[in-house]
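**Q** Quick one: the structure is below, and I'll ask about it shortly.
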Amino acid sequence: MIYKVSYVVLGGEHPGAIANTDTPPQVGDRVQLGEKTFEIIEVLELTPPRGEFCFLHATCKLVENQGEAA
């Protein structure tokens, strides 16, 4: 199955992205979009799976304190 995922970022600080993946995104997963990391906070199925494709919408928020030493 190929998952076509529309990533939408809260707050408008990033344009988001559309990407293909072999595994579906899950709430709590982190995804790299450009140079920044985002946490997925919601996943919705846009349409029922068709053939080998599933279309998903993932809402994300920016991960704070990126690049800081622990």
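The values are calculated or read from the model by the stated rules, or taken from the named source; none is laboratory data. Small disclaimer: the values here were computed from a predicted structure and weren't measured. Virtual Cβ from ideal backbone geometry, glycine too; neighbours counted across all protein chains shown. Note: areas computed on protein heavy atoms with side chains; ligands, DNA, RNA excluded. Shrake-Rupley method; radii C 1.70, N 1.55, O 1.52, S 1.80 Å.
**Q** Taking only the Cα atoms of the chain, how large is their convex hull per residue, in Å³?
**A** Numbers: hull volume 6.2 nm³, N = 70.
Given the Cα convex hull of the chain, per-residue volume reads 88 Å³.
**Q** Residue 16's amide H: which non-local residues (gap 5+, or another chain) put their own amide H closer than 5 Å, with H modeled 1.01 Å from N in plane and none for Pro or chain starts?
**A** The list, which skips near neighbours in sequence, is 9.
**Q** Could you list the residues of the range 1-27 with an amide nitrogen less than 12 Å from a label point located 7 Å from the Cα of residue 52 in the Cα-to-C-beta direction?
**A** Flagged as within label range: 1-3.
**Q** If I compute solvent accessible area with a 1.4 Å probe over the protein chains, what percent of it on the chain is carbon and sulfur?
**A** 52 percent
**Q** Can you give the net charge of the other residues whose Cβ lies under 9 Å from the Cβ of residue 39, counting K and R as +1 and D and E as -1?
**A** Neighbourhood net charge equals +1.
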